[in-house]
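Below you'll find the structure, written out as structure tokens, and then a few comments.
The values are calculated or read from the model by the stated rules, or taken from the named source; none is laboratory data. Owing to the predicted nature of the structure, the values given are computational and were not obtained by experimental measurement. Here Cβ is always computed from backbone atoms with ideal geometry, including for glycine, and neighbour counts include all displayed protein chains. Quick note on the areas: whole protein, heavy atoms, side chains included, nothing else; ligands and nucleic acids left out. Shrake-Rupley method; radii C 1.70, N 1.55, O 1.52, S 1.80 Å.
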Amino acid sequence: MPAPSLNFTKRRSAPVGKLFLLSLTSLALLAMDQRFEGVQHVRKVAASLTFPLQWLASQPVEFYRYTRSLAQSQTALQAQNRQLSADNIRLQAAAHQNSALEKEVGELKSVLGLKQEGFGTSVAAEVVSNGRNFTSNLLVIDKGAESGIRQGDAVIDHNGLVGQIIQVRRLSADVRLISANDLMVPVSVARTGVRSLMYGEGNGIALRYFPQDADLQKNDLLLTSGMDSVYPAGIPVARVTEAAKNTGTAYYRSTLQPVAGLNVSKYLLVLQQKQAAVEAASDPAAFARP
Amino acid sequence: MNDFNLTGRLPLIPLLTTFAVALLLDFIPLPADSFFWMPPFSAMVWFFLILRRPQTFGLFGAFLFGLLVDAGTTSPLGQHALSFVLMTFALQLPQAQDWLKTPLRQAIGLTMALLFNQAILSFLNAIRNQQFTHPEMFASVLTGVLLWPLLDRFLLTFLQARRIK
């Protein structure tokens, strides 16, 4: 068989102008991604085109998980079943205890004229894409506007806070992880109740400005404080793996470990916002009003 | 004639299937820490088309294809678009087209193109997220080059098969 021909029939001169224009457009998209609505619209269109492929691409992984679960021994499954039953009993007891406490808190809040907060309704979703990149801070889930998901909804897994919905399409949505650059989450230390802000740093999370006059210890659990009306209060966010007082600064030097499996969890729960929070999110001017 | 006819029309369905399968393979949500070696199929297919049909696939196509890869792999929008545009421009230079005529040179060209592609992605990531990409991500270049002769032969056969009838 003869070798394939490589003779090009037409030769074009190098389109430097087009290269310049398209490179600038790409750089502009990079700079404005997740900041401007116009760029969000471009992503929305592109993501709608690629979603069927993303869904299809996630099926072999699903199949692998399924076959792996089939291959598990009967003994392992029985042990897992016993563990889950025990967990279920423990969680049900905790839920009963919580509902009694919630009722009590609700009564106290109504006496004090405060609003009752809770998780509200939620939607279970499956991750269909997490990007083949160590540093990807976006997930695509298989539920969208059709399931009642809205921009700004909080997303959790079975361990804690994963991120926030930043874009919603009809059948899918994008989740920005809490580790994404410049994403802020109002948190409080579970042990002391001291409030602070947790920042995403691209490859991790950090508690940048935790004052040294407050108490912070290794293994402290950080929960959402509920101060921003985006994340409901009480969701586990991170565990403090190191906390030390620094000389020459007013803040702790700390390292945090997210409690949720940010790039690992396959199934997530989207916590839908309260109507007031949605209205506030859709009307940025409202924040500026006195 | 069993050559790849560069002057005729490309068969649309096999071409769209090629794009779809390349994107599909890149979209499989495998954990990056254990599948870092998976070759970038979209970039390889685009390299093939630029090599075999430079008069049809140009910078604008590279930009659009890159945007689709960005959207599907949850990368920042414009990242793959920029790397594909630059790679296409470099490969469409007359000197590059003259040079890439033997299988060995094509393999070297692909290595350089994929390394260039990965370097741009890493550079943009370093600027955007203030962090460096793990060096093992460059292993995908090696697997891509090893797979290239097979992919090249397969795509040549696949894309011309229906046109020979």
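Computed values, structure above
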read-out	value
Average silhouette area of segment A:151-258, convex hull of alpha-carbon atoms, in square nanometres	6.9 nm²
Exercise: per-residue mean of other protein chain Cβ atoms within 10 Å, A:50-63	5
Amide proton proximity set for A:R169, modelled H, under 5 Å, gap of 5+	A:A145, A:D174
Inter-label distance for A:A86 and B:L142, nm, one decimal - labels placed 7 Å from Cα along Cα-to-Cβ	4.4 nm
Per-pair calculated FRET efficiency, R0 = 30 Å: B:T17 and A:M32 via Cβ, rounded to 0.05	0.35
Summed buried accessible area for A+B [probe radius 1.4 Å, Å², rounded to 100]	5300 Å²
With eigenvalues of the C-alpha gyration tensor scaled by 5 and rooted, chain B, Å	27, 17, 16
Of the chymotrypsin sites (Phe, Trp or Tyr not before Pro) in segment A:193-251, those whose Cβ has at most 15 other Cβ within 10 Å and which sit in DSSP loop	A:Y209
Averaged over A:201-207, number of beta-carbon atoms from partner chains that fall within 10 Å	2
Size of charge dipole - segment A:177-272 - debye, nearest 20, with Cβ of Lys, Arg +1 and Asp, Glu -1, no other charges	180 debye
Sorted peptide list for B:51-63, B:73-85, criterion being average Cβ within 10 angstrom, highest first	B:73-85, B:51-63
Kirkwood Rh and Cα Rg combined as Rg over Rh, evaluated for segment A:217-278	1.09
Neighbouring partner chain Cβ atoms per residue of B:52-65, average, 10 Å criterion	3
Distant-in-sequence amide H partners of A:V128 (H built 1.01 Å from N, under 5 Å)	A:V140, A:I141, A:D142
Segment A:18-95: chymotrypsin sites (Phe, Trp or Tyr not before Pro) in DSSP loop, at most 15 other beta carbons within 10 Å	A:F36
FRET efficiency estimate (nearest 0.05) - Cβ-Cβ, B:T102 to A:E102, R0 51 angstrom	0.10
13 Å beta-carbon shell around A:I166, net charge (K/R +1, D/E -1)	+1
Cα gyration tensor shape for segment A:180-233, rounded if a/c is under 1.5, else prolate or oblate	oblate
